Each structure stands twice: as C-alpha cells, then as structure tokens.
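Read the structure below first, then the notes.
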Amino acid sequence: MKTEQQAALNIVLFGPPGAGKGTVAKLVAAQKQLIHLSTGDMLRQEIELGSDIGREAAGLIAQGQLVPDEVVVAMVGNAVARHIPCPGFIFDGFPRTTGQAAALDGLLAARHAAITLMIALEVSEQEIIRRMLHRAEVEGRPDDTIDVIRQRIITYHEKIKSTADYYRAQGKYATVNSSITPDNTLQQILKQLSTVNG
Ligand code: ADP
C-alpha cells in the first residue's frame, strides 16, 4: 500500500486577490478528489459565527490587511487534522507568508506528506480589479470595494508575493495564465500536474 506521502497530491494555489483561486480550486479539487481548504472562506465563517477568531479577523479583512500567521496556521492545522487519511489537499489563499509556508511544511511532515507544487495564477491587474468589482455586485463581499481592493493589491505586492520564492527555491513552482476561462485554467493546471504526479 502507498503511504500518504507517495499517494497524496498537495497543491498550493497562489495568486493576487481576484485571480480566481476559489473558482479554480473547486474545479481542481473535484477533478483530483482533493480536500479544498480556503483560509478566506474559513475566516468568513468565523466572522459569521461571531467567534474570537472572527472578531479579530473582521477588522483586518475589512482593511485589506493580513490576519496574523498564528491565527491562520492554527485554523489550517485543525482543518488538516480532520482529514486523515485523504488523497491530498488544495490550499487556496494559504500560505501567504514564508512563516505560514514553513508551518504548513511542519503540518504535512507530521503526517509524512509534503507540498507537491505551488501553482501561481497569473492575470493582469486591470482584469483582477474588474473581476472583484463584478464579484462585489454578485456576492456583496465587504472587502470588494475599490479602496479595499487597492489595499489588498498593495498587501499582495508588499507581503504576499515573495512567498512564491519559498517554493521556487525548492523547484516546486509553476505558473498558469488565469485570464481566459476557469476551465482553460483548470486544463493548464492538470497539464502541469501530469508532469509531477504521473
Ligand atoms: P483574496 O485572495 O481575493 O484576497 P480571500 O478570500 O482568499 O480573498 O481572502 C480574504 C481576506 O482574508 C484577505 O484579504 C486577508 O485579510 C484574509 N486572509 C485569507 N487568507 C489569509 C492568510 N493565509 N493569511 C492571512 N490573512 C488571510
């Protein structure tokens, strides 16, 4: 029997806000039978529940700032622990800092698993702003206003983007063009995965 490390596909889906991480992660998860973990969705659930985490996160999210590493790492740790064994995870919006990336390696190492690949979604800034403003009309997310969108893009460039270097240094980094359709992005990702996971 294969151990989880040999069998599991653990993917980090990366990219600027509005790149389509949530949409594409759902498609990849369905196709590869992976558990989809979105820290943005988890934090929004905590806010809805009115939990301590939710109260701490709400103000930061509304200002386009990052929630502290220890908060998101603990949340992901609990979620990962709930799925033993499993065919693997697709992490959406996590890790966003090198500290989170190192913590994720620790969480996976504890179950003899590792990240297979970080896949970065690439799309122009003009297009991500257009998408988020459209999403604001459909979903009404409070952080999809033009001022918060601007701040989220600044936070992405100043604090998040360099997390890719952590995976680049390990030869675990690939990019796909996410500006056409979700299905087109999915097909590019499946092609990338076929090179690393049979
Ligand atoms: P987007 O990628 O479009 O910004 P998300 O739903 O992934 O949307 O995240 C919404 C907000 O939740 C972020 O702007 C940030 O405040 C917070 N957040 C989500 N994931 C993380 C994380 N891994 N670390 C810190 N903050 C996070």
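The values are calculated or read from the model by the stated rules, or taken from the named source; none is laboratory data. Computed from a prediction, not measured in an experiment: that's the story for all the values here. A quick note on method: Cβ atoms are made from the backbone with ideal geometry, for glycine too, and the neighbour counts reach across all protein chains shown. Note: accessible area is taken over every heavy atom of the protein model, side chains too, but ligands, DNA and RNA are not part of it. Shrake-Rupley method; radii C 1.70, N 1.55, O 1.52, S 1.80 Å.
Laid out as a table, the results:
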{"read-out": "Answer from GLU139, GLU125 - the residue that is without any contact (Cβ under 8 Å) to a residue 60 or more places away in the chain, open to solvent by 60 Å² or more (accessible area, probe 1.4 Å) and not hydrophobic (A, V, I, L, M, F, W, C)", "value": "GLU139"}
{"read-out": "Lone qualifier among ARG152, ARG130, ARG96 - being open to solvent by 40 Å² or more (accessible area, probe 1.4 Å) and near the ligand (Cβ under 9 Å from one of its atoms)", "value": "ARG96"}
{"read-out": "All positions within region 66-80 that are in contact with a helix residue (DSSP H, G or I) (Cβ under 7 Å, 6 or more places away or on another chain) and assigned to a loop (DSSP other than H, G, I, E, B)", "value": "LEU66, VAL67"}
{"read-out": "Selected residue (criterion: most open to solvent (accessible area, probe 1.4 Å)) from residues of region 43-65 that are within 8 Å of the ligand (Cβ to nearest atom) and in a helix (DSSP H, G or I)", "value": "ARG44"}
{"read-out": "Residue count for region 70-93, restricted to those that are within 10 Å of the ligand (Cβ to nearest atom) and either touching an Asp or Glu at 6+ places or on another chain (Cβ under 9 Å) or closer than 18 Å to ILE154 by Cα (or both)", "value": "4"}
